[in-house]
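Let me begin by presenting the structure, written as structure tokens, before commenting on it.
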Amino acid sequence: QVQLVESGGGLVQPGGSLRLSCAASGFTLDDFAVGWFRQAPGKEREAVSCITSSSSSDGSTHSADSVKGRFTISRDSAVNTVYLQLDSLKPEDTAVYYCAISWGGNYACWDQNEYDYWGQGTQVTVSS
């Protein structure tokens, strides 16, 4: 059965760091584009970062301008997990962060409409 489980969220002070995990079971993450998205209360869900399939594409990464240079997406194929390293966190980064997979979205992995399956989300709160 396909399953995506996000973890690693929590409360952190501005300037702090968190490492989010997206653990997959029932399929191989290498075969999909994987994206991190976030949604704050009262706002639309937005793309944060994504990585393309390493088997059907080139495993390239993409990040939104708002997080570029602060967040890093990576894949550990050995444990079938994609990570999002969040550094230099700001209060405006506060949101529920979701992991999702896309079979056909390798060439537009930043487009949430390309995604087929979503995890349950993990809360990130940045506050002093």
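The values are calculated or read from the model by the stated rules, or taken from the named source; none is laboratory data. None of these values were measured; they are calculated from a predicted model. Positions of Cβ are backbone-derived with ideal geometry, glycine not excepted, and every protein chain shown enters the neighbour counts. Just so you know, the surface numbers come from the protein's heavy atoms only, side chains and all, with ligands and any DNA or RNA stripped out. Shrake-Rupley method; radii C 1.70, N 1.55, O 1.52, S 1.80 Å.
Just a few scattered comments:
- Cleavage-rule hits, trypsin sites (Lys or Arg not before Pro), the stretch 59-128, DSSP coil, Cβ neighbours within 10 Å at most 13: Lys68
- Theoretical gain in end-to-end length, Trp103 to Asp116 [0.36 nm per residue, Cα-Cα removed]: 4.0 nm
- Kirkwood Rh and Cα Rg combined as Rg over Rh, evaluated for the stretch 5-88: 0.97
- A simple count of charges around Val82, restricted to other residues whose Cβ falls under 9 Å of its Cβ and scoring Lys, Arg +1 and Asp, Glu -1, yields 0.
- Whether the stretch 44-128 is rounded, prolate or oblate, judged on the alpha carbon gyration tensor where a/c under 1.5 counts as rounded: prolate
- The stretch 9-55: projected area of the alpha-carbon convex hull, averaged over directions, in nm²: 4.7
- Ligands, DNA and RNA are left out, and with a 1.4 angstrom probe the accessible area of the chain is 50 Å² per residue.
- Placing unit charges on the Cβ atoms only, positive for Lys and Arg and negative for Asp and Glu, gives the stretch 60-118 a dipole magnitude near 160 debye about its Cα centre.
- Here the simple spin-label model places points 7 Å from the Cα toward Cβ, and for Gln13 and Ser127 these points are separated by 1.6 nm.
- Between Lys90 and Ser74, the modelled labels are 2.4 nm apart [label points 7 Å from Cα along Cα→Cβ].
- Apportionment of accessible area to carbon and sulfur, the chain, percent (1.4 Å): 46
- Size of charge dipole - the stretch 1-123 - debye, nearest 20, with Cβ of Lys, Arg +1 and Asp, Glu -1, no other charges: 340
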